Structure formats: structure tokens, C-alpha cells
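The values are calculated or read from the model by the stated rules, or taken from the named source; none is laboratory data. This is a predicted model, so every value here is computed, not measured. Cβ atoms come from the backbone with ideal geometry, glycine included; neighbour counts cover every protein chain shown. To get the accessible areas, we keep the full protein, side chains included, count just its heavy atoms, and leave off ligands, DNA and RNA. Shrake-Rupley method; radii C 1.70, N 1.55, O 1.52, S 1.80 Å.
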Amino acid sequence: MHPLDGPRPAAGAPREVLWWDRLVADDPAAARARPPLDGDTTADVVVVGAGTTGVWTAYYLLEADPSLDVLVLDAGLVGAAGGGRATGAAPAGPVLADALRTASDGTGTGAAGRTRRALRAALQDAVVEVGGVLAAEQVDAGFRYGGLVTLARTGPAVDRIASRAAAAPATGDDVRLLDALRAQDHVRAADVLAATWTPDAAHVDPVRLLRGLAQVLQERGARVVERTPALRVAPGAVATAHGVVRSRRVVVTTGATRLAGAPGPAGLRRARTLATEPLPADVWEALGLAAGTTVVEDRHRPLELVRTVDDRLVAAGTPADLGRVADLLPPVRDHAVTHVWDTAQGVTGDGAPALGVDPADGIAWAVGAGADGPAVGNLAGRTLADLVTGADSALTELPWVRRPPAAARGRGAAALAAAVDAWSDRAEERRGRTPALARLLASRRPA
């Protein structure tokens, strides 16, 4: 059991991923593995990795050309890796937007400002697109709009959220700055100094989303194979543990896994997620948190919380920070934690999701898109499909389309980045400011 300073553990060891537990409880056959690849084969496009970005990429490839022979490979089960182990929060890409703020000239005018406005509009559309596709394809994944509340509990955090709110009109964002009293209209958390709220967020069951879309792909003629680890990628081919796939186009969306021959993550972002037992009505009344709403505590290592449709609290953060849950939301302190699971997401050196394609070798790739939620994964899938098919699309001009990230930095650099974030959080909480050296180190993280 994860040691929590707040919610008490349930009797016995906690189970792992809540979303899988609920899926199997409703239909044991729903989690049955699909057959692995059966020897060498060919395809028009092979998608390596059936996570959030990979599944959406395959979906939009078939939307663009239903005649394409699309093969989707996954090393395990669809939804069992990073995308299916997330909280299910689907905001309009806060990590992506913040990391790419340099794409704007700060005024919202000029080419850079137009580029950032286009990115923000695409991210907002992606939230709506996820809900629209799930409804059209009759995938019941519990999609619900709820908005995003970002809480500031230190002076530097207030400065950050106020800066974002001030910049929002220039990029077409609806971000409302709230004082501590007005923040309670969305969630009654402890020691909040200020907050922002935006309607551009939803919540969805990530496993039902991925498993449901994989079924849609098969109904449209795609092949989805599980328990088929890819070993190496080369132009026109993917070698797997069960055979070689020859393909004109290869799309690599393997998340935290680095695959020989393909661009991959520069580091890993690790998180631990917990889910409580269903909380009684009086607790939710005390918290004032509506189902589907996402709450984020603004920190260098953010804490993310959502209320599920069955009245559980799901919280994600670094393992060391999950003890803050009961400090932030005291009414949950005496309630049991039933599920705890760990997640690793691949990231670029600067933390900004990125994707691209090499026209010469036909290998497309994405890194870090799934780490920012299903809506960003949806936008990544649409963009990759346009890049692969050569569509004349505004999406392919967005600033996250770029050259492959640098080679993996190793555990030491990733550990240093995590240590700088932890140091910054402690300094802000104790002294009310971010150390100048920490700001300098953060600004120099490689892409």
C-alpha cells in the first residue's frame, strides 16, 4: 500500500488500475487479449504502440482513406500501458501550451502569435472532438465535460496562474482568474490563495476509450494485434517478436519505451495514481467538486485530481507528493484507498510533446503526447495522420511538429530535472519564492 498521510488503506493490499477493475467487473471478456501477430506480413501503414496517440492515429488514417491496410501493434494489451493508466483527465493541453509559450511573441500579434492561437484553437477543438467521436462511434467511456480548476497555494504559483490568465485573451483561451472565495465555487480546498478556471476540459475512462476505439478500428478493417513487442524499426519495416511487418509507412508511438531505429523519449515522467473508495454524499458536498471536473495544484510537480462518475477521488502525482491529497482536501482523510498504480510517460527534454515525420524514410513518431491526456493524444493522432498521408493541413504547421528529440539523456539527467522541480516546490512553500538557480536550470533543459 502506498504510504499516505491522508486516506487510510483499505483492508488488504490495494488493487492496481481502477479502470481495468471496472471494465472486468462489467464484462470479463472485455479485457481478453487479441491474438498476436502470426508471422511475417505487409501493410500500408503500421502503427507501433496502441496507446492514446497510436489508436487515434489509426482512427484518423482510416477516416482519411478507408481503403488503407492499417496494422496496429502493441507489446501488451491495448490500454494497459501509459494511456490507460492515466487519470482520464482530458484538458486542452496545459503542459503542451505552457511548454510552447515561446512560440508566441507575448502580444498575440505577428506570425508567432498567430501560430500559438492556432495551437490553442486546435487543443480546444480536440476536447470536443474526443466527445464527438465517442458519441458517433457509440463508445461508452463515460465522457463528461467538467472544466479545469488550477489552484495556487503559494505566492509564485499565484504569479504563474495570473500570468496565464492575463495572456489568455491573446490566444483565444477562456481562462478566468478567481480569488480564494470564488475558487470555492468549483472546489473547497485548503489554503488556496487564488485559482483559475477554464471550461476546456473533460473526463473519460481511459481504458474504455482505448479498448472501445480499438474495436472500432477492427470493425473498419484495421488489424489490431496484442502481445507483439516491436524489436526494431527500419525504413519500410518493423521487426517484432512474432514476425516482420513490411510497410510503406511506419508510425512509432511507444510512449515510455525506446525502440531501436526510431525517435524516442529523452527521459521519463513517473507518476503514481490512487483511487479512493466511493465517497459518501456528505464528503462531496463538503468538497463542492462536480463529477468530471479536473483539479490541478499548480506546482513544478503538479498534483492532479478528478471525481469519477462513481464518486471516487482519483489523484496523480509523484509518489512523494500523494501524501498532499488529504492536506489539500481534508474531508477525504478518513476514507479508504482501494487502488494504487504507477505510470511512466516518455517525454522530450524540454517537457513539450513533439511529433514529426521523416519523408525520406517514412517513419513518423510522437513523444510525450499521451502524457497530457486524451485530448492532446487525439490532436497528435490527427496530426500524424495528416503527416503520413501528405494532407494539406493546418495541423502539420503547428509548433509541436519538429525534428526528432535528442538521444536519451540517461537516468542522471532525468533525476536531476526531478530534483530541481522538488527543490523549487519546497522553496516556494517555505520561502515564497523560486530559487534563481532553479529557474536557470529549468530554462536550459534540452529539447
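Key figures
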| quantity | calculated |
| --- | --- |
| Lone qualifier among Arg182, Arg164, Arg116 - being at pLDDT 95 or above, among the basic types (Lys, Arg) and either over 16 Å from the mean Cα position of the chain (by Cα) or closer than 29 Å to Asp342 by Cα (or both) | Arg182 |
| Wholly within region 206-283, strands (runs of 3 or more DSSP E) carrying at least 3 residues that are of a type in the set (A, V, I, L, M) and over 16 Å from Ala50 (Cα atoms) | 267-276 |
| Scope region 125-154; condition in a loop (DSSP other than H, G, I, E, B) and either free of Cβ contacts under 8 Å to residues at least 60 places away in the same chain or in contact with a His (Cβ under 7 Å, 6 or more places away or on another chain) (or both); matching residues | Gln138, Gly146 |
| Whichever residue in region 43-73 is surrounded by 14 or more Cβ atoms within 10 Å (Cβ to Cβ) and of a type in the set (Ser, Thr, Tyr) and, among such residues, is farthest from Val225 (Cα to Cα) | Tyr60 |
| Test set (1) surrounded by 19 or more Cβ atoms within 10 Å (Cβ to Cβ); (2) over 28 Å from Leu303 (Cβ atoms) - Ala136 fails condition number | (1) |
| Test: residue in region 350-357 that is over 17 Å from Thr150 (Cβ atoms), of a type in the set (D, E, K, R), within 22 Å of the chain's Cα centre (by Cα) and crowded, with 18+ Cβ neighbours inside 10 Å | yes |
| Residues satisfying the stated conditions in region 353-372, i.e. assigned to a loop (DSSP other than H, G, I, E, B) and within 19 Å of Gly261 (Cβ to Cβ) | Pro359, Ala360, Asp361, Gly362 |
| In region 365-405, the residues that are modelled with pLDDT of 90 or more, closer than 19 Å to Gly267 by Cβ and either open to solvent by 10 Å² or more (accessible area, probe 1.4 Å) or more than 20 Å from the chain's Cα centre (by Cα) (or both) | Ala366 |
| Some residue of region 319-327 being surrounded by 20 or more Cβ atoms within 10 Å (Cβ to Cβ) and part of a strand (DSSP E or B) | no |
